[in-house]
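Visitor: Before we start, here is the structure in question, set down as structure tokens.
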Amino acid sequence: MKLNKKSSKWFGVLAVVLLAGLETSPSFALFDRGGIIGVGTRAMGLSGAFVAVADDPSAAYWNPAGLAQLEQPELLGMFGSYLNDKDRNLYFSFHYPLSNGIHLALSTNNLFYTDISGAHEDQYTGSVAIPLDVISGKRLLLGANFRYLLADPGNGIGIIQGAGVDLGFLFRQPFKDNTEFKAGLTLTDLSTAVRYDNSGIEQPVPSVLTAGVAYLFDPYTLVTVDVPWTLSDDSLFGGEDVRFRGGMEHWFFDGRLGLRAGFISFLSLAGEFSLGASYRMESWAIDYAYSNHPDLGNGHRLSASYFFGSETPGKVEPKPFIVRSFVGDEKIYLKWEIPEGSQADGYLVYIKSDEDKDFFRAKQELLQTKYCLLRKAKNGVRYHIIIRSVVGGQEKYSCNEWVTTPQPMSAEAKRYYSEAVGFFNQKNLSTALYSARKAEELDANNYEIKDLLEKLETSHHEGLVPEENNGGN
């Protein structure tokens, strides 16, 4: 059966109709991006709000730039059942990082319709991602997809083929308290068209511009939001095709068990909620996602991942948190923690002033404590500090850069501090504590004041740095 021009255009429109929530019959769902049909079990547990997260191999679908975040080869396989089992989906993605910073991935996405004999859609994708040097610290990532599309809608309509290109960016901004802000931008179907073999007609697939943001409150807690916009002059889409995808996630038991929930809105239908869970071990993980729509029915996704390496995505890394920083007269005191359940051999402290070009090691020895006191710093000079965890004899995890400026205690605070020291030496601890807290109100970031308060508030009177460790450069 041949398609006339009008029919061909209608089938092209169906390529994105499901995403807009305007049509529930089989459509070329692989040609649209997200909505009910979206891949990656963790991603869909977040209702597809994954453009700014993109930290597993399904990033090849959501934002290829995210592949540059992955540190070792990973394989992901997923089975999905959607729309009360009217659609079934198989998805595989394999990511491999090269030594020169280039990340490659291959993925296949196959969708089958259970109520139409022989109907299927196939997508084969090659992806590449690299960090861009225009921003230091590999904080700006670029990725691209090159896709081959093949569909047989069944019922004698014939074969539909096409090729597409996607482009993605990802920006990461860590903060000194070890939180992180991430922003992603993807332009999918940058140049995509499908050809109907029976009629020879080509139909462009509208591009979709998606902006996403994510915020990591700590290594365990994530909130993420995406807003996709279909770029089309067609009155069916033009200017109104803005939707919302959002989700949140938290990991328990030292990053072993993850739970998440999400919501996606549609143009003309009610929104859909999703729930998801993950369990991760050293070299493998399983993920499940459930979605329910009052009109379109239930969806289930189950996936398994294998990590080719000793590191485990989802396992908490011993990345230092700098939780306290105090300064004094030519002194800088630092204290940090690492996430619960993680371990490190020790820590190295690197420092540079605004006057220096490069960081240098402030303490040559490997620190076994999670605190240190640096001496002989110049008052009034800004110092940049990085603490690195050593794991397996290698420097692996760094805290976010910390900036501080040493300076002497203020004159008014010093009066109360001197009083507190005198009362402390007389063993009049309650009066000493009162004077020390008055000094703290006047100079809250001073090391000597904090050290005295620590001695007054603890029974063993060790202070911030116990006497046997009270050294430093």
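The values are calculated or read from the model by the stated rules, or taken from the named source; none is laboratory data. All of these numbers come straight from a predicted model, not from anything done at the bench. Note that each Cβ is placed from the backbone with ideal geometry, even for glycine, and that neighbours are counted across all protein chains shown. Protein only, heavy atoms only, side chains kept; ligands, DNA and RNA dropped before computing areas. Shrake-Rupley method; radii C 1.70, N 1.55, O 1.52, S 1.80 Å.
Visitor: The conditions are (1) within 18 Å of P64 (Cα to Cα); (2) in contact (Cβ under 8 Å) with a residue 24 or more places away in the chain; (3) out of contact with any Leu (no Cβ under 9 Å at 6 or more places or on another chain); (4) surrounded by 14 or more Cβ atoms within 10 Å (Cβ to Cβ), and F146 fails exactly one of them. Which is it?
Guide: Tallying (1) within 18 Å of P64 (Cα to Cα); (2) in contact (Cβ under 8 Å) with a residue 24 or more places away in the chain; (3) out of contact with any Leu (no Cβ under 9 Å at 6 or more places or on another chain); (4) surrounded by 14 or more Cβ atoms within 10 Å (Cβ to Cβ), F146 fails exactly one: (2).
Visitor: For Q394, all conditions in the list (1) in contact (Cβ under 8 Å) with a residue 24 or more places away in the chain; (2) within 25 Å of L348 (Cβ to Cβ) hold save one; what is the number of the exception?
Guide: (1)
Visitor: Now for a different question. Can you go through V327, V323 and tell me which one is modelled with pLDDT under 85 and in a strand (DSSP E or B)? Spell out the reasoning first.
Guide: Numbers: V327 fails: modelled with pLDDT under 85.
None of the other options fit; the residue is V323.
Visitor: Please verify whether the stretch 401-413 includes one or more residues that are touching a Lys or Arg at 6+ places or on another chain (Cβ under 6 Å), in contact (Cβ under 8 Å) with a residue 40 or more places away in the chain and farther than 11 Å from I332 by Cα.
Guide: yes
Visitor: Please state which one of L367, L374, L334 is surrounded by 14 or more Cβ atoms within 10 Å (Cβ to Cβ) and without any contact (Cβ under 8 Å) to a residue 60 or more places away in the chain. Break it down into steps so the answer makes sense when it comes.
Guide: Working: L374 fails: without any contact (Cβ under 8 Å) to a residue 60 or more places away in the chain; L334 fails: without any contact (Cβ under 8 Å) to a residue 60 or more places away in the chain.
None of the others qualify; the one that does is L367.
Visitor: Among the helices (runs of 4 or more DSSP H) confined wholly to the stretch 383-460, which include 2 or more residues that are open to solvent by 70 Å² or more (accessible area, probe 1.4 Å) and either among the hydrophobic types (A, V, I, L, M, F, W, C) or out of contact with any strand residue (DSSP E or B) (no Cβ under 7 Å at 6 or more places or on another chain) (or both)? If you could, list the steps in order and put the result at the bottom.
Guide: Working: elements: 411-425, 429-442, 447-457.
Output list reads 411-425, 429-442.
Visitor: Based on what the data block shows, is F360 open to solvent by 70 Å² or more (accessible area, probe 1.4 Å), of a type in the set (A, V, I, L, M, F, W, C) and either free of Cβ contacts under 8 Å to residues at least 40 places away in the same chain or farther than 30 Å from M281 by Cα (or both)? I'd like the intermediate steps shown before the answer.
Guide: Values: open to solvent by 70 Å² or more (accessible area, probe 1.4 Å): yes; of a type in the set (A, V, I, L, M, F, W, C): yes; either free of Cβ contacts under 8 Å to residues at least 40 places away in the same chain or farther than 30 Å from M281 by Cα (or both): yes.
When the stated conditions are applied, F360 passes them.
Visitor: Among the residues of the stretch 293-310, how many are more than 12 Å from G276 (Cα to Cα) and either assigned to a loop (DSSP other than H, G, I, E, B) or over 24 Å from the mean Cα position of the chain (by Cα) (or both)?
Guide: So the first thing to find is which residues in the stretch 293-310 are more than 12 Å from G276 (Cα to Cα), and the list is 293-298, 304-310.
If we keep only those that are either assigned to a loop (DSSP other than H, G, I, E, B) or over 24 Å from the mean Cα position of the chain (by Cα) (or both) as well, we get 293-298, 308-310.
Total satisfying the criteria: 9.
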